[in-house]
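Student: Can you read through this structure? Questions will come right after.
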Amino acid sequence: MSANKESNSPIGKRLRSARISKGLSQKQLGILAEIDEFSASPRINQYERDKHVPDFSTAKRLAKTLDIPVTYLYADDDDLADLILLFSSAGSSEQDQALSILKASK
């Protein structure tokens, strides 16, 4: 699926950030996410430059490989993206506490 430049998809930016944080090359990420070895680097490059958007199944494999929630890739707000990463890495009691605080502030 081609990305429309006007859509400003957050996927490329988030994918690149997570990949670099894990110290992976584009090719390594693609191969680990079960993309054909010969097209792995070009496909990840196209995703990161917003030339193409991965389908949901591919996005899930990329997220699993990067050990991040797939929702992080789709977060269109930087603060929300940070919150998703922080929440997913927190223990269950911390998650429960954070949810309680947020629910109480409604």
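Student: How much accessible surface does Arg49 have with a 1.4 Å probe, in Å² rounded to 10?
Tutor: 120 Å²
Student: With all distinct Cα pairs included, what does the Kirkwood hydrodynamic radius of the chain come out to in Å, to one decimal, could you say?
Tutor: 14.6 Å
Student: Around His52, which amide H atoms from residues at least 5 apart in sequence, or from another chain, sit under 5 Å from its own amide H, with H modelled in the peptide plane?
Tutor: Ala3, Tyr47
Student: In addition: For region 87-98, just list the computed ³J(HN,Hα) in residue order, Karplus coefficients 6.51, -1.76 and 1.60, θ = phi - 60°, integers in Hz, with x standing in for Gly and Pro.
Tutor: After applying 6.51 cos²θ - 1.76 cosθ + 1.60, I find 5, 5, 8, 7, x, 5, 5, 5, 5, 4, 5, 4 Hz.
Student: Could you work out [θ]222 nm for the chain from helices alone, using -39500 (n - 2.57) per DSSP H run of at least four and dividing by all its residues? Round to the nearest 500 deg cm²/dmol.
Tutor: The helix contribution divided over the chain gives -18500 deg cm²/dmol.
Student: To continue, here is another question. Along the positive direction of the dipole of the chain (beta-carbon charges: Lys, Arg +1; Asp, Glu -1; about the Cα centre), which of Ala63, Leu29, Ser89 reaches farthest?
Tutor: Ranked along the dipole, the leading option is Leu29.
Student: How far apart, in nm, are the 7 Å Cα→Cβ label points at Glu34 and Asp55?
Tutor: Once both label points are built, they end up 1.2 nm from each other.
Student: Let me ask another. Determine ³J(HN,Hα), in whole Hz, for all residues of region 65-72 in sequence, where each value follows from phi through the Karplus function 6.51 cos²θ - 1.76 cosθ + 1.60 and θ = phi - 60°; x replaces Gly and Pro.
Tutor: In residue order, the calculated couplings are 4, 8, 6, 10, x, 4, 4, 4 Hz.
Student: Let me ask another. Hey, which aspartates and glutamates would be in cross-link range of Lys22, C-alpha to C-alpha under 13 Å, not counting anything within fewer than 8 residues on its own chain?
Tutor: Asp67
Student: Also, I was wondering about something else. Over the heavy atoms of Ile20, what accessible area does a 1.4 Å probe trace out, to the nearest 10 Å²?
Tutor: Rounded to the nearest 10, the figure is 90 Å².
Student: With every protein chain in place, what's the accessible area of Arg43 (1.4 Å probe, Å², nearest 10)?
Tutor: 80 Å²
Student: On a 1.4 Å probe surface of the protein chains, which of Phe56, Phe38, Phe87 comes out largest in accessible area, and what is the full order?
Tutor: Output order, biggest surface exposure first: Phe38, Phe56, Phe87.
Student: Heavy atoms only, probe 1.4 angstrom, no DNA, RNA or ligands counted: give me Thr71, Thr65 ranked by accessible area, highest first.
Tutor: My answer, sorted largest first, is Thr71, Thr65.
Student: In whole Hz and in residue order, list the ³J(HN,Hα) couplings for region 15-29 that follow from phi through the Karplus curve 6.51 cos²θ - 1.76 cosθ + 1.60, θ = phi - 60°; x for Gly and Pro.
Tutor: Calculated HN-Hα couplings, in order: 4, 4, 4, 5, 5, 5, 4, 8, x, 9, 7, 4, 5, 4, 4 Hz.
Student: Cα to Cα, under 16 Å, and not fewer than 8 places away if on the same chain: which lysines meet these conditions relative to Lys51?
Tutor: Lys5, Lys13
The values are calculated or read from the model by the stated rules, or taken from the named source; none is laboratory data. Small disclaimer: the values here were computed from a predicted structure and weren't measured. Neighbour counts are summed over all protein chains in view; Cβ atoms, including those assigned to glycine, are modelled from backbone coordinates with ideal geometry. Surface accessibility is based on the protein's heavy atoms, side chains included, excluding ligands, DNA and RNA. Shrake-Rupley method; radii C 1.70, N 1.55, O 1.52, S 1.80 Å.
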